[in-house]
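J.: Pasting a structure here, questions to come.
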Amino acid sequence: MELGIFEEGDFHPQVDLTEFFVTFANYIPPLTHPNLESIDGGVAPFSYAGGESDLDFQISYPLIWPQNSILYQTDDIFYATGVEGGGGFLNTFLDAIDGSYCTYSAYGETGDSSIDPVYPDPILLGYQGTRQCGVYKPTNVISISYGEQEDDLPTNYQQRQCNEFMKLGLQVTSVLIASGDSGVAARGTDDWNADGCLGNGEIFNPDFPASCPYVTSAGRE
């Protein structure tokens, strides 16, 4: 049994994990690393560190060892880092662990949206394969330390995706989602409000998919 960890646009170098194991968890072999299940050209490990990936593995390994992790590194470098794309979130990951989601229709949405990555990537240096549908089996527990504001994604897009989390739960996959960094508001300004709230600055602006009732939202707020 392994812990599934989603990453996108953030990477870990092996040297960081090795240094962590040697310094803080010397009962874990120093070259231990997650098993990569690359989605649509996702690449890892990488030559430079991203704070999220390092943190995810350095926190989880001491808790789960001797179990290992599966790394769902999602989307090629151009989409993952925002060089191209329309701001879609998580659909290509869900496609890869449930082939039926690629064509699932709900709330007026069928398959991926116009804001999601398109493969083969129009940039020739990007991933030139077709979109991956149902190529991996979901782990029993999946950790996603990322989120978007509800206000930044179409309502139907979120509702369809939330249904998929319900389906995963019925199939005995628990999805743990970061609650966000700023409670019920966005991390920075939104709607020109310094507090990250909406409207006149008094309307909550929660994270998605943390607000989906079929996931477990965890964090410091």
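J.: May I ask you to evaluate 6.51 cos²θ - 1.76 cosθ + 1.60, the Karplus curve with θ = phi - 60°, for each residue of the range 28-35 and list the ³J(HN,Hα) values in order in whole Hz, giving x for glycine and proline?
T.: Here the 3J(HN,Hα) series is 9, x, x, 9, 4, 8, x, 7 Hz.
J.: Another question about this same structure. What are the ³J(HN,Hα) couplings of the range 54-62, residue after residue, when phi is run through the Karplus curve with 6.51, -1.76, 1.60 and θ = phi - 60°? Round to Hz, x for glycine and proline.
T.: Those phi angles translate into 4, 4, 4, 6, 5, 7, 7, 4, x Hz.
J.: Around Phe20, under 14 Å between beta carbons, what's the net of Lys plus Arg minus Asp minus Glu among the other residues?
T.: Residues near Phe20 contribute -4 overall.
J.: Taking H as built 1.01 Å from N, whose amide H comes closer than 5 Å to the amide H of Val141, not counting residues under 5 places away?
T.: For Val141, whose amide H was placed from the backbone, the distant partners under 5 Å are Gly4, Ser174.
J.: Shape verdict for the range 47-198, please, from the Cα gyration tensor: rounded (a/c under 1.5), prolate (a/b greater than b/c) or oblate.
T.: rounded
J.: Just want to confirm a number: the relative contact order over the range 114-221, from Cα pairs under 8 angstrom separated by 6+ residues, in percent.
T.: 26
J.: Would you please give the residues with an amide H less than 5 Å from that of Gln149, counting only those at least 5 places away or on a separate chain, with H modeled from the backbone geometry?
T.: Here the answer is Phe208, since their amide H atoms fall under 5 Å of that of Gln149.
J.: Which ³J(HN,Hα) values in Hz, rounded to whole numbers, follow from the phi angles of the range 147-162 under the Karplus curve 6.51 cos²θ - 1.76 cosθ + 1.60, where θ = phi - 60° and Gly and Pro get x?
T.: Residue by residue, the range 147-162 yields x, 10, 6, 3, 5, 9, 10, x, 4, 4, 4, 5, 5, 4, 5, 4 Hz.
J.: Taking Cα pairs under 8 Å and at least six residues apart, what relative contact order does the chain come out at, in percent?
T.: 19
None of the figures in this text is laboratory data; all of them are computed from the coordinates on show. These numbers were taken from a predicted model, which means no experiment stands behind them. Quick reminder, even Gly has a Cβ in these numbers, built from the backbone with ideal geometry, and neighbours come from all protein chains shown.
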